[in-house]
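Accompanying notes for the structure given below.
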Amino acid sequence: MDLEQLRQKLLATARANPPEDHVPYAFEKRIMANLSSKPALDFRALWARAMWRAAAPCVGLSLLLGAWSLFTANDTTASESLSQDFEQAMLAVVDQTEETW
């Protein structure tokens, strides 16, 4: 079918059925009730909800890492502990007997 012929038929049908001026009963009240019933978007509530959902994985991860560090701290056979390494690094300058000046 030709597009121009289809367009003419649609325009003729639309002109034969003009729109009505009648508005359904209480249309405005129904629209206003629908508008006022929807709450506004609260960004602080969304942020708080996301933080509470993230709290449980963070606690689980911290417990897992705490247990891992506790069990690996007792295994000092392979190398010295972190505290001894830190102490040696901090006191390395003090142990030098010669002057740098």
Requested in this report: Would you check if Gln96 is at pLDDT below 85, assigned to a loop (DSSP other than H, G, I, E, B) and out of contact with any helix residue (DSSP H, G or I) (no Cβ under 7 Å at 6 or more places or on another chain)?
Outcome: yes
Report summary line: Of the residues in segment 47-93, those that are part of a helix (DSSP H, G or I), loosely packed, with under 10 Cβ neighbours inside 10 Å and either charged (D, E, K, R) or modelled with pLDDT under 80 (or both) come to Arg53, Ser83
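The values are calculated or read from the model by the stated rules, or taken from the named source; none is laboratory data. Just so it is clear, the structure is predicted and the values come from calculations on it, not from any experiment. Counting neighbours? That spans all protein chains shown, and the Cβs are built from the backbone with ideal geometry, glycine included.
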